[in-house]
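The values are calculated or read from the model by the stated rules, or taken from the named source; none is laboratory data. Here the structure is a predicted model, which is why all the values come from computation and not from measurement. FYI the Cβ positions are ideal-geometry reconstructions off the backbone, even for glycines, and counts take in every protein chain you see. Just so you know, the surface numbers come from the protein's heavy atoms only, side chains and all, with ligands and any DNA or RNA stripped out. Shrake-Rupley method; radii C 1.70, N 1.55, O 1.52, S 1.80 Å.
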Amino acid sequence: MTRLLLIEDDDALARALRALLTRAGHDVVRAADGREGMRLLFAERPDLMIVDTSLPALSGWEVLERTRDLTDLPVLLLPPPGKVRDRVRGLRAGADDCLSKPFADDELLARVEALLRRAGTAHWSGEPAGEGLRLVPDRRSVVWQGAEVRLSPLEYRLLQVLVRNRERVVTTEQLLTRVWDDPQGVGRDRVKFAVLRVRRKLRRAAGPQPPPPVESVRGMGYRYRPPEGTDSGNGRGEGPGPTP
C-alpha cells in the first residue's frame, strides 16, 4: 500500500480527500499546517505528497522548497484557482504536477496514480541511487565514484528523472515534458546535448571507468543503468517504460 502525505489546512476538504484516497487503496497521513507537514515528511517518508499552497505556519511554497532540498519524491501541488503563474511557479520550483482548486475527484485520483506510476523509488539526501552514485538534493549535485559533480538545475532534474526510472527507457518526449518548462518550444536536440553534458561531467570527475550510468537507446530515448553488480530492483520502479 502506498503512503501519501496530505498537507491541507481546510478540515472539511482534508477529510473528503482522505476518504477519497483511502477508498482508492492509499494510506493517507494528514498535516494541517506546513510545519507539521515537514515533521511528518521526516517521520513517515511517504511515497507521494499533496500540498496546498496556502498553509499556516509554513506556506506550501516553503514546504516544496524545503522538500526539494531533502528528497525527489513526487509532489502534487494544489494552488489557488485560475492563476496560471502559480502553476508555472510550482512546476519551476520542483513540483511534479499542479492541480488548481476546485477539481474533480476523478482527476485528482488520475494525477496521483500517474505520478506514482512514473516515480520509481524516491531518493533522500545522502542516500545512494545505485552503486557509485548518490544524489545530493540540497546542493543540486551528485557524488559519482566518490567525486562530487555540480550540475545545473536542468541537468540535475534530467538525471533525477532518469534515476527514478532506473533500468527503464525514458523517451525524449517524456524528458521534454518532465524536465523542460516549455516542452512544445524545445527541440529534441536539446535533450541529446543535455545528456552529453551530464555524461561529460561524470566522466571528468571520475575518469572513464566505470562509464557514466546514463546511456542512449537508439530510436527510443535514454536510460539510467547502474554499474554491474548493483541491485536494480526498486519496487515501484520496476516494469514497463514510464507513462507519459
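Of the residues that sit in the stretch 54-73 and are at pLDDT 90 or above and assigned to a loop (DSSP other than H, G, I, E, B), which one is nearest to Asn165 (Cα to Cα)? Among those residues, the one meeting the criterion is Ser59. The criterion of being buried (at least 16 other Cβ atoms within 10 Å of the Cβ), in contact with a Lys or Arg (Cβ under 8 Å, 6 or more places away or on another chain) and closer than 17 Å to Pro102 by Cβ holds for Pro79. Among residues that are in a helix (DSSP H, G or I), touching a residue at least 12 places away in the same chain (Cβ under 8 Å) and over 28 Å from Val163 (Cα atoms), Arg87 is not included. Across the stretch 30-54, the number of residues qualifying as open to solvent by 20 Å² or more (accessible area, probe 1.4 Å) and touching a Gly at 6+ places or on another chain (Cβ under 8 Å) comes to 1. Taking each residue of the stretch 7-25 that is over 14 Å from Leu78 (Cβ atoms) and looking for partners that are assigned to a loop (DSSP other than H, G, I, E, B) and among the β-branched types (Val, Ile, Thr) with beta-carbon atoms closer than 8 Å, six or more apart or interchain, yields Gly25/Thr2. Would you say Gly221 is small (Gly, Ala, Ser), at pLDDT 50 or above and within 21 Å of the chain's Cα centre (by Cα)? So Gly221 fits the description; yes. So, in the stretch 99-113, of the ones that are surrounded by 12 or more Cβ atoms within 10 Å (Cβ to Cβ) and either at pLDDT below 90 or of a type outside the set (A, V, I, L, M) (or both), which residue ends up nearest to Asp47 (Cα to Cα)? The extreme case among them is Glu113.
Checking the conditions here, which among Arg92, Arg68, Arg117 is open to solvent by less than 50 Å² (accessible area, probe 1.4 Å) and under 22 Å from Leu158 (Cβ atoms)?
On the way: Arg92 fails: open to solvent by less than 50 Å² (accessible area, probe 1.4 Å); Arg117 fails: open to solvent by less than 50 Å² (accessible area, probe 1.4 Å).
When all the criteria are applied, what remains is Arg68.
Does the stretch 165-179 contain at least one residue that is at pLDDT below 80, in a loop (DSSP other than H, G, I, E, B), closer than 15 Å to Arg225 by Cα and open to solvent by less than 20 Å² (accessible area, probe 1.4 Å)? Among the residues of the stretch 165-179, at least one is at pLDDT below 80, in a loop (DSSP other than H, G, I, E, B), closer than 15 Å to Arg225 by Cα and open to solvent by less than 20 Å² (accessible area, probe 1.4 Å), which makes the answer yes. Residues in the stretch 192-203 that are open to solvent by 60 Å² or more (accessible area, probe 1.4 Å) and touching a residue at least 40 places away in the same chain (Cβ under 8 Å): Arg197, Lys201.
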